[in-house]
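The values are calculated or read from the model by the stated rules, or taken from the named source; none is laboratory data. For clarity, every value in this text was computed on a predicted model and none was experimentally measured. As a convention, Cβ positions derive from the backbone with ideal geometry for all residues, glycine included, and neighbour counts pool all protein chains shown.
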Amino acid sequence: MTSEFVTRVSIQQAVLELTEGDITRQTVDAIVNAANSSLLGGGGVDGAIHRAAGPQLLAATRVLGGCQTGDAKLTPGFNLPARYVIHTVGPVYHPDDETIPQLLASAHRRSLELAAEHQLESVAFPAISTGAYGYPVEAAAPIALKVVYSFLQRESSLKLVRFVLFGGPALAVFQRALHDLTQQHTDIRRL
Ligand code: APR
């Protein structure tokens, strides 16, 4: 009886894992920030990352000229255990706008592309857009995981992609979505 909840799989040469916790405490090459287009900080994960990184982070983002929804920009991590922060802007959820899923996918893809461009090996994502931006996590999780699966089909520096979920319900939704993904793709091995 295969569990409907999966937490760690291999995809080609990399590992995709789900965990519950605080993204500001992840010791990875880069953590992804669910920012807004100003890149000047905010609440939620954005606020937590700026608090943990210290004021140098805002000084670094202030000169970036903002970020388009679906795009991503990289800064140092300063006081964070992660070396870098990849600031991405997810879409605000609108149920009847079909560009919204594409923008959510793009935010994840651009973050992975940026990590690979900098030869990073490990990246941690929060559940982008599922807080203040109102994206139902049940709809966001399959989109996020599919982008990671597709990206890891190509050779890159990435060896670990981790989703750090804040609170039980989000983790269970991602675990179920990962289970569904393993059912669709035989090249995904459960670890
Ligand atoms: N670690 C991991 N995940 C976290 C943390 C944390 N420390 N804090 C919050 N989260 C989770 C939330 O529970 C939610 O599931 O991150 C997810 C994203 O929620 P938000 O931070 O609200 O981000 P988002 O929905 O993308 O909205 C972005 O909120 O904070 C502002 O400046 C930000 O305007 C932007 C908007």
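Summary of computed values
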| item | result |
| --- | --- |
| Given (1) within 11 Å of the ligand (Cβ to nearest atom); (2) of a type in the set (A, V, I, L, M); (3) outside any loop (DSSP other than H, G, I, E, B), number of the condition residue 127 does not satisfy | (3) |
| Search result, residues across region 130-147 that are closer than 18 Å to residue 7 by Cβ and either assigned to a loop (DSSP other than H, G, I, E, B) or among the β-branched types (Val, Ile, Thr) (or both) | 137 |
| Spans of strands (runs of 3 or more DSSP E) in region 1-78 with at least 3 residues buried (at least 17 other Cβ atoms within 10 Å of the Cβ) | 14-20, 30-35, 72-76 |
| Every residue from region 108-136 that is buried (at least 20 other Cβ atoms within 10 Å of the Cβ) and within 15 Å of residue 23 (Cβ to Cβ) | 108, 111, 115, 122, 123, 124, 125, 126, 127, 128, 129, 130 |
| Residue within region 126-140 that is over 26 Å from residue 169 (Cβ atoms) and either more than 15 Å from the chain's Cα centre (by Cα) or among the aromatic types (Phe, Trp, Tyr) (or both) present | no |
| Any hit, region 154-169, residues being within 13 Å of the ligand (Cβ to nearest atom) and assigned to a helix (DSSP H, G or I) | yes |
| Boolean, residue 140 is crowded, with 20+ Cβ neighbours inside 10 Å, within 16 Å of the ligand (Cβ to nearest atom) and without any contact (Cβ under 8 Å) to a residue 40 or more places away in the chain | yes |
| Qualifying residue in region 85-98 (condition: part of a helix (DSSP H, G or I) and not charged (D, E, K, R)) | no |
| Yes/no for residue 92 being surrounded by fewer than 17 Cβ atoms within 10 Å (Cβ to Cβ), near the ligand (Cβ under 9 Å from one of its atoms) and within 19 Å of residue 140 (Cα to Cα) | yes |
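Every residue, every condition in (1) in contact with an Asp or Glu (Cβ under 7 Å, 6 or more places away or on another chain); (2) modelled with pLDDT under 95; (3) within 12 Å of the ligand (Cβ to nearest atom), yes or no:
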position	(1), (2), (3)
6	no, yes, no
9	no, no, no
32	no, no, yes
43	no, no, yes
49	no, no, yes
68	no, no, no
80	no, no, yes
